[in-house]
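The values are calculated or read from the model by the stated rules, or taken from the named source; none is laboratory data. As the structure is a prediction and not an experimental result, all values here were calculated from the model. Note that each Cβ is placed from the backbone with ideal geometry, even for glycine, and that neighbours are counted across all protein chains shown.
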Amino acid sequence: MPYRKQVDGREHDYSMTDILKGRFQNSDWMNDETVLGQRLVDRHKLRSEGWAWTDGRKGLLIIKYNNEMIEYSMIRRDRYKGQECMLFGGASFALYKEPRPASLLEPEEEVAFGVTRYHFFEGGWKTAYYIFREFMDEKGHGLPEDYDPPVNWNVLFDIGWHHSDREKLFRYYTLESLYYEARKAKNLGCELLYLDPGWEVCEGTTLWDEERLGKVEDLVKVLREKYGLELGYRTIGRVYRDEFPHEWYIQRSKEKADYTRPVRADGRPIGFWEPCTQCEAWWQEKLKRILAITEKGIRFMMFDEFDWRGPCHSPSHGHPVPSTPDGHVRAVYKLIEEVRRRCPDLLVEAHDPVWPWGPRYVPTYYRQGFSEGAYQENWGFEFMWEPLKDLLSGRALVLYYYNLAYNIPLYLHITMEGDNDNCLAFWWYASTVRHLGIGGKKGLRSDRENEARFRAYKKAMREYMRLKAFYVRGEFYGIDELVHVHTLRDRGQAVLNAFNLTEEPREILLSFELEEIGLEGAREVKVRGAEWEKKGSQLTLRLKIPPMSPLLVEIETA
């Protein structure tokens, strides 16, 4: 738990025989070949935040929780008295030797590992997921009652990604083009204009391009007063020009030398420069530049491309030599925490600081929360480019399992260019991502706007906004991977989303206890969107779903 199915499509559901025979493998991610220090120490172990061992009737839930160090619950096979066995519990190294603080103890130092919790339960693996979620809520990773993120409109999908080409930016990424995007956002019903790459003088500099876009506070004012929109933007850890003193970049060996970009296997240098996030001078400058923008009225920020670029050997940065992924993670989260301390109303999504775009390196809950300083939202696993294909391939099913295990909100923006006119992808991500972003009336692969798709999305958005509270604050229940329920207990109401991923019409006869979707004790029920029957506390629905389409059903109790 929470990744019974991972973002790479791999299923992590094992029999005891699988474990004893070594038929298992973690879902890992690897950065480009220029990044040193990527050797995994857990190749022959399994890592997870939690485990559900069950025969379908009874089970044991195992949870490892540590919000101070990067630590997982580990399993490996072993031999005891000549027999194959499974070793679990306690503590063990994982990933790039995490928890790193436990790898070296100086005299009289101590380290505290996270508590492992064992919980016996009645039922199958899904029951364990709900217990896991309740545990994480109690640890401070639940949703506040007033959580209400804006629906974002991402300008990237129509303006394009011009990779700091000044000529193209002055041609395509202008104040006029942002106002045009704002009109689309308002027309669709979005609530925030989100600026992905393109707003900076050069990506990674965190310098607002006033020459092209005017003052950020003026844009905030116009968007709010003329379009009813808030403003958000993305900041990154890399930088795509030689922006900073070379002493601030990663020193790749013990021998001090002037920083040069590492060279790939094809003989070309990487396309960016690599600040050391633990360099105090860089950290302070990055903070200053972020605040110069964010304090002008920004509502939402994304922290992306802060991926671990390998150990740094500079003795002047203020970190141990060599630096570690653990120290890098702490530096990134410290930066976010300071920004949020200065801008308490800011909503922040933070990509994983080591593996940003695939399976996670740090635990899903690590350093997250809604208290002062913590980042609030995780990234939705890069399904932004091909949202429908990712669903059909099974990769996006990871979101179903994520929501069974966590109320920690995800943020993701999708392009309508990668959907169909039935808005199948829209409703899937609306159902599994609490903070939704949209874009792509034209899209990156087309030269004209798709009016029919935009009209379909406009209709879908009207329904979504009417029911938004269910999707952003409702309790998520999974009937199965393709049937989800979002319940607001205080209203005694729920919304059911079902999905047909085939080219043929699909009819599903579905029966469940109202208690299974958080509506226990209801005497009367009304259903809209499906044929239904209630017998006692059991509700039966007949779902008729057209090909490659979603279905929306509303349930009300009294």
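Miscellaneous remarks
- Of all residues in the range 412-428, none are outside any strand (DSSP E or B), aliphatic (A, V, I, L, M) and touching a Cys at 6+ places or on another chain (Cβ under 7 Å).
- Extreme residue, surrounded by the fewest Cβ atoms within 10 Å (Cβ to Cβ), among residues of the range 78-92 that are of a type outside the set (A, V, I, L, M, F, W, C) and touching a residue at least 40 places away in the same chain (Cβ under 8 Å): Glu84
Condition check ((1) buried (at least 20 other Cβ atoms within 10 Å of the Cβ); (2) over 27 Å from the mean Cα position of the chain (by Cα); (3) modelled with pLDDT of 95 or more; (4) closer than 17 Å to Trp153 by Cα) across all residues:
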| site | (1), (2), (3), (4) |
| --- | --- |
| Leu169 | yes, yes, yes, no |
| Glu176 | no, yes, yes, yes |
| Ala182 | yes, no, yes, yes |
| Gly189 | no, no, yes, yes |
| Leu192 | yes, no, yes, yes |
| Glu200 | yes, no, yes, no |
| Glu210 | no, yes, yes, no |
| Asp218 | no, yes, yes, no |
| Val222 | no, yes, yes, yes |
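- When residues of the range 21-58 are limited to those that are touching a strand residue (DSSP E or B) at 6+ places or on another chain (Cβ under 7 Å), not in a loop (DSSP other than H, G, I, E, B) and not basic (Lys, Arg), the one surrounded by the fewest Cβ atoms within 10 Å (Cβ to Cβ): Trp53
- Residues of the range 528-548 classified as surrounded by fewer than 19 Cβ atoms within 10 Å (Cβ to Cβ), assigned to a strand (DSSP E or B) and not basic (Lys, Arg), total: 5
- Note on the range 363-402: among residues that are of a type in the set (Asp, Glu) and within 30 Å of Asn500 (Cβ to Cβ), the one that is surrounded by the fewest Cβ atoms within 10 Å (Cβ to Cβ) is Glu382.
- Here the condition is being under 22 Å from Leu404 (Cα atoms) and acidic (Asp, Glu); of Glu516, Glu524, it holds for Glu516 alone.
- Check on Gly380, more than 20 Å from Ile290 (Cβ to Cβ) and either over 16 Å from the mean Cα position of the chain (by Cα) or modelled with pLDDT of 95 or more (or both): yes
- If only residues of the range 405-423 that are out of contact with any Asp or Glu (no Cβ under 7 Å at 6 or more places or on another chain) and surrounded by fewer than 21 Cβ atoms within 10 Å (Cβ to Cβ) are counted, the one that is farthest from Glu481 (Cα to Cα) is Asp421.
- Selection status of Arg224, of a type in the set (Lys, Arg) and farther than 28 Å from Val348 by Cα: no
- The lone exception for Leu335 - which of (1) assigned to a helix (DSSP H, G or I); (2) surrounded by fewer than 21 Cβ atoms within 10 Å (Cβ to Cβ); (3) not polar (S, T, N, Q) it fails: (2)
- Identification of strands (runs of 3 or more DSSP E) wholly contained in the range 444-518 with 2 or more residues that are of a type in the set (Asp, Glu) and over 30 Å from Gly160 (Cα atoms) yields 475-480, 506-513.
- Scanning the range 158-199 for residues that are aliphatic (A, V, I, L, M), in contact (Cβ under 8 Å) with a residue 40 or more places away in the chain and assigned to a helix (DSSP H, G or I) yields Leu169, Leu175, Leu178, Ala182, Ala185, Leu188.
- Residue among Glu516, Glu524 that alone is surrounded by 14 or more Cβ atoms within 10 Å (Cβ to Cβ) and either without any contact (Cβ under 8 Å) to a residue 40 or more places away in the chain or touching a Lys or Arg at 6+ places or on another chain (Cβ under 8 Å) (or both): Glu516
- Filter result for Tyr65 (farther than 25 Å from Glu516 by Cβ and within 26 Å of the chain's Cα centre (by Cα)): yes
- Hey, Leu488 within 24 Å of the chain's Cα centre (by Cα), over 21 Å from Glu520 (Cα atoms) and aliphatic (A, V, I, L, M) or not: no
- No other residue among His313, His317 is closer than 30 Å to Leu40 by Cα, at pLDDT 95 or above and surrounded by fewer than 24 Cβ atoms within 10 Å (Cβ to Cβ) apart from His313.
- In this structure, Ile70 does satisfy being assigned by TED's automatic domain parsing to the domain that holds Val115 and either surrounded by fewer than 17 Cβ atoms within 10 Å (Cβ to Cβ) or part of a loop (DSSP other than H, G, I, E, B) (or both).
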